[in-house]
Amino acid sequence: MRALPARRIASSALCATLLVGITAPAAVAVDRASVSEQRAKAAAPVPGADALLAQVKGLGDLGTVLTPVTDLLNAVLKADNGQLPAADAASLGKAVTDAIAKVTAAAPATPATPATPATPAAPATPALPSTPALPSTPALPTLPSLTRSGDDAKAPAADLKADALAALQKAVDTLLKAVTSGDVSQVVPAVTGVLTGLVNVLAATLLGGGLPAPSLAGLPALPSLPVPAPSLPVPLPTG
């Protein structure tokens, strides 16, 4: 009679062991699935992340170019008569060139314009009966073309930024020649040219990078980039 409780205890323990063995893997699987689901949710980007990342990259590019250019300008303006040793000028200039090359290489290429599909040939029209000749009328003067030339067309924002970077590189090259020429009179115009080129890069990025408009009270509204005007057809003379 005393062995019966022990058997019951052993049976209960065996049932508990089997229950744990069955339910434990399922619980672990549920926990792993929950963790995987949470990780998937955490990895999902916020809505509109691509556009915001492009804006952040544009501002980051400014920092990439701004620092080496200002380092060069500071060194020139603090040097005696604005002259630098050739090795220092070459080192500072290379830092600017590398920064511009890095930003230019990372810029997205302008998508190619898709080819215009060929226009199907119009069906031939039957010949009309001849009509008596009308008296000739004096020829009208030729009208000037209203089509905008390629030089007058406004470039896209990406092209403006690329042009600004190229102009900045040219201005930096001029400055490097001035600071190693021994001629003080060349330094100030060259420094001004680099400052102007740097401002152009800033303006092309701020106005053409899709950035939000500034909201600080008292600031004037920033101008927007002009939109290219559509080409107007040239009227043909009649007669």
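Quick look at the values:
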quantity	calculated
Qualifying residue in segment 145-153 (condition: over 19 Å from Thr196 (Cα atoms) and modelled with pLDDT of 65 or more)	no
Test: residue in segment 79-89 that is under 23 Å from the mean Cα position of the chain (by Cα), at pLDDT 80 or above and not aromatic (Phe, Trp, Tyr)	no
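Yes or no, residue by residue, for (1) hydroxyl-bearing (Ser, Thr, Tyr); (2) open to solvent by less than 60 Å² (accessible area, probe 1.4 Å):
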site	(1), (2)
Ala164	no, yes
Ala167	no, yes
Lys170	no, no
Thr180	yes, no
Val187	no, yes
Ala190	no, yes
Gly193	no, yes
Thr196	yes, no
Val199	no, no
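The values are calculated or read from the model by the stated rules, or taken from the named source; none is laboratory data. Please read all numbers here as calculations on a predicted model, not as lab measurements. In case anyone asks, the SASA skips ligands and DNA or RNA and just uses the protein heavy atoms, side chains included. Shrake-Rupley method; radii C 1.70, N 1.55, O 1.52, S 1.80 Å.
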